[in-house]
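Contents: one structure, followed by commentary.
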Amino acid sequence: MIVGLPTSREGVHNRSGRPRRTARAGFTLIEAALTTAITGIAFVAIMQLFGACTQQNRVGTNMTTAMLLAGHIQETMNGLSFNDPVLGTTYYGPEPGQTLANYDDLDDFDGLNFSPPIDSLRRPISGLSQFTQNVTVVPVLTGQLSSNNDPTIPLIPKTTYTGAARVLVRIFYRNKPSDGPTEVYRTSWIRVDE
């Protein structure tokens, strides 16, 4: 054992006789506050990212469901006659006494809203009651299929037979029953009388 050497750090001096600085342990108050602030900002940013991802996931799910519901309407209408098989062009819209189950021509679906929506077999889908299918059927000119493209301002009266019709399906969504409907999807197609 060597005699005369100090046994603790407090007594250690450098060659000039001043006490030697020792390595400190832990953080200063400023370092701790800065670390807390950086961590807090990162946490808030991550939570905002999760919120945005959740919202986009909901929008994507609603869009996929809306596309499926529009497809149901198109499949329902695919096998229908252009005009009523018995009464021809006498009525635009459902003929007297007709119900959804026995609609037999294209224009029977004009102006209908389905809430809850229906599937391709015309059965209600009660699990999707926050969605509404809106169907509009308008005549178009066979030589100008882009005619009469705004159903709110028809240029050709609905009762006019032109040999072609545009079917417009719009899908609306309500997050809560008290919310107003929001259009989430629309599609249209042209049917020509054969």
### Task
Starting from residues that are under 15 Å from A165 (Cβ atoms) and small (G, A, S), keep the ones in the range 74-90 and report whichever is modelled with the lowest pLDDT.
G88
## Note on the structure
Exactly one of R166, R122 is at pLDDT 90 or above and part of a loop (DSSP other than H, G, I, E, B), and that one is R122
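Have a look at A23, A45, A32, A66 and point out the one that is modelled with pLDDT under 65 and either of a type in the set (D, E) or out of contact with any helix residue (DSSP H, G or I) (no Cβ under 6 Å at 6 or more places or on another chain) (or both).
Values: A45 fails: modelled with pLDDT under 65; A32 fails: modelled with pLDDT under 65; A66 fails: modelled with pLDDT under 65.
Just one listed residue meets the conditions, A23.
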### Query
Is there any pair linking a residue in the range 66-94 that is more than 24 Å from P116 (Cα to Cα) to one that is aliphatic (A, V, I, L, M) and surrounded by fewer than 16 Cβ atoms within 10 Å (Cβ to Cβ), with Cβ under 8 Å and at least six apart or on different chains, and which?
F82/V192
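Considering only residues that are over 13 Å from M63 (Cα atoms) and either in a strand (DSSP E or B) or of a type in the set (K, R) (or both), look in the range 175-192 and name the one that is modelled with the lowest pLDDT. Show your work before the answer.
Within the range 175-192, the subset over 13 Å from M63 (Cα atoms) is 175-181, 188-192.
Pick out the ones that are also either in a strand (DSSP E or B) or of a type in the set (K, R) (or both) and you get 176, 188-192.
On the way: K176: 86, S188: 92, W189: 93, I190: 91, R191: 91, V192: 89.
Among those residues, the one meeting the criterion is K176.
Of all residues in the range 42-75 being touching a Phe, Trp or Tyr at 6+ places or on another chain (Cβ under 8 Å) and of a type in the set (V, I, T), which is nearest to G111 (Cα to Cα)?
Taking the range 42-75 as the starting set, the residues that turn out to be touching a Phe, Trp or Tyr at 6+ places or on another chain (Cβ under 8 Å) are 62-63, 65-67, 69-70, 73-74.
With the extra rule that they be of a type in the set (V, I, T), the set shrinks to 65, 73.
On the way: T65: 21, I73: 13 Å.
Ranking the qualifying residues of the range 42-75, first place goes to I73.
Please find, among V184, V137, the residue that is aliphatic (A, V, I, L, M), more than 25 Å from S81 (Cβ to Cβ), surrounded by 14 or more Cβ atoms within 10 Å (Cβ to Cβ) and touching a residue at least 12 places away in the same chain (Cβ under 8 Å).
Working: V137 fails: more than 25 Å from S81 (Cβ to Cβ).
None of the others qualify; the one that does is V184.
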### Query
Is at least one residue of the range 91-99 touching a helix residue (DSSP H, G or I) at 6+ places or on another chain (Cβ under 9 Å) and at pLDDT 90 or above?
no
### Task
Could you please let me know if N62 is touching a residue at least 12 places away in the same chain (Cβ under 8 Å), loosely packed, with under 14 Cβ neighbours inside 10 Å, under 27 Å from N175 (Cα atoms) and under 30 Å from the mean Cα position of the chain (by Cα)?
no
### Query
From N83, N149, N78, N102, which residue is more than 20 Å from T61 (Cα to Cα), out of contact with any Phe, Trp or Tyr (no Cβ under 9 Å at 6 or more places or on another chain) and surrounded by 13 or more Cβ atoms within 10 Å (Cβ to Cβ)?
N149
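The values are calculated or read from the model by the stated rules, or taken from the named source; none is laboratory data. Since we're looking at a predicted model, the values are computed, not measured. Quick reminder, even Gly has a Cβ in these numbers, built from the backbone with ideal geometry, and neighbours come from all protein chains shown.
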